[in-house]
Amino acid sequence: MNLSELEKDVISLCEEVGEFMSKESENFDLSKIEQKGSFSNLVSYVDKESEKRLVARLSKLLPGSGFLAEEGTETKGTNAYRWIIDPLDGTTNYLHGLPIYAISIGLQQNDKTVLGIVYDVSHKDCYHAIENNPAYCNQKEIRISPINKLEESLLATGFPYYHLDKRENYLEIIKIFLEKTHGIRRLGSAAMDLAYVACGKLEGFFEYNLSPWDVAGGTFIVQQAGGIVTDFKGGENFLHGGELCAGGKVHAEMLQLIQKHWS
Ligand code: IPD
Ligand code: CA
Ligand code: CA
């Protein structure tokens, strides 16, 4: 299988599905929002239809591959490959008309990620990487930020919807980062947070309670851009473990601080 050819096809697919999302956003109104379980966990026909289109085409591009996607597609597949997809990461932004959202796609071969794509729909920017190669934004190679001090860093995080019992510890961590950095952003799309770490616009990103589809594509792009991604223990269980710390040269400093206040 030629990964580089596959990557080109997947990028075209993202552009096509992104076009659909942009077009739908022009006529979107709040009556089209649905709730998934809780009032703050939102979804729409755009998320579902985008997933359908992505899965249909990826199944043709790589026949026999399995899927794990946010809006319910979960299949085992008959070969070594599995796509991990969030058709629309940043749903709440999208539904409110905030232009920060992305298509997030990771491809695993025997549980190891070999391709990652984060497509920033509003800017039509595609962040992408395949194994043994650098990361790119469109045609341009990207690298993590050269900044190596927390006090010169801009970070991003998210405010989790669940497991609020951990909220106090989390807020404590945020408070300390606020005092020690140039600032913290909450963009509302974990895939975009990771893309910005990969290209050095942000020095780091941390969040808990994320799902594999939020981060499969973006974490791989950060790694191929020279960054480090771990769980809060410093281990590798960031895809399924719900804890994620991604960074460039300030990763170690971030992790040390998180560990001090996380139980
Ligand atoms: C969400 C976004 C957000 C993060 C949430 C995710 P969704 O994904 O990535 O930044 O804080 O935890 O669920 O629901 O917009 O696909
Ligand atoms: Ca998501
Ligand atoms: Ca989503």
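The values are calculated or read from the model by the stated rules, or taken from the named source; none is laboratory data. None of the values given here were measured: they were computed from a predicted structure. Reconstructed Cβ throughout: ideal geometry from the backbone, glycine too, with neighbour counts over all protein chains shown. These accessible areas exclude ligands, DNA and RNA; they are computed on the full protein's heavy atoms, side chains included. Shrake-Rupley method; radii C 1.70, N 1.55, O 1.52, S 1.80 Å.
Most tightly packed first, judged by the mean number of other beta-carbon atoms within 10 Å of their residues, the peptides 115-124, 237-246 read 115-124, 237-246. Compared with the alpha-carbon gap, the fully stretched path from N41 to K180 is longer by 46.9 nm at 0.36 nm per residue. Percent of alpha carbon pairs in the chain separated by more than 29 Å? Value for the chain: 27 percent of Cα pairs lie more than 29 Å apart. For K249, a cut-off of 13 angstrom between C-alpha atoms picks up these aspartates and glutamates, skipping any fewer than 8 places away in its own chain: E151, E152, E203. Largest GNM mean-square fluctuation among Q223, Q139, Q108, using the chain with Cα springs under 10 Å: Q139. Surface composition of region 1-91: carbon and sulfur atoms hold 49% of the protein heavy-atom accessible area at a 1.4 Å probe.
Karplus-based coupling profile of region 186-202, in residue order and whole Hz: 10, 7, x, 9, 4, 4, 5, 3, 5, 4, 6, 5, 4, 9, x, 7, 10, with θ = phi - 60° in 6.51 cos²θ - 1.76 cosθ + 1.60 and x standing for Gly or Pro. The modelled label-to-label distance for the pair S263/N79, using points 7 Å beyond Cα in the direction of Cβ, is 4.9 nm.
Under 20 Å of direct C-alpha separation, and excluding same-chain neighbours fewer than eight residues apart, K32 reaches these aspartates and glutamates: E19, E24, D47, E49, E51, E70, E71, D86, D89.
Our coupling estimate for region 130-143, obtained by passing each phi through the Karplus curve with A = 6.51, B = -1.76, C = 1.60 and θ = phi - 60°, is 10, 4, 6, 9, x, 9, 10, 10, 6, 9, 9, 5, 10, 9 Hz, Gly and Pro reported as x. When the pairs K8/K52; K36/K180; K36/K140 are compared against a 28 Å limit on Cα-Cα distance, K36/K180; K36/K140 fall above it. Think of a 1.4 Å ball rolled over the protein heavy atoms: region 116-201 then has 51 Å² of accessible area per residue. Ranked by the mean number of other Cβ atoms within 10 Å per residue, highest first, peptides 3-16, 87-100 order as 87-100, 3-16. What you get for the chain, charging only the Cβ of Lys and Arg (+1) and of Asp and Glu (-1), is a dipole of about 280 debye around the Cα centre.
If both residues of a DSSP beta bridge must be in the chain, then about 80% of such bridges are antiparallel.
Charge dipole (Cα centre; +1 on Lys/Arg Cβ, -1 on Asp/Glu Cβ; no other charges) of region 120-248 amounts to roughly 260 debye.
Placing +1 on the Cβ of each Lys and Arg and -1 on the Cβ of each Asp and Glu in the chain, which of L107, Y81, I228 has its Cα farthest towards the positive end of the resulting dipole? The one lying farthest along the dipole's positive direction is I228. Across all directions, the shadow cast by the convex hull of region 132-199 built on its C-alpha atoms averages 6.1 square nanometres. Database remark: amide H of D125 closer than 5 angstrom to the amide H of D120 (H placed geometrically; neighbours at sequence offset of 5 or more, or on other chains; Pro and chain starts carry no H).
In plain terms, the chain from L3 to A252 could stretch by 86.4 nm, reckoned as 0.36 nm per residue minus the Cα-Cα distance.
Rounded to whole Å, give me the distance from the Cα center of region 213-244 to that of region 100-142. Using only Cα atoms to place each centre, the spacing works out to 14 Å. Length available on full extension from E34 to K52: 0.36 nm per residue minus the Cα-Cα distance, which gives 4.7 nm.
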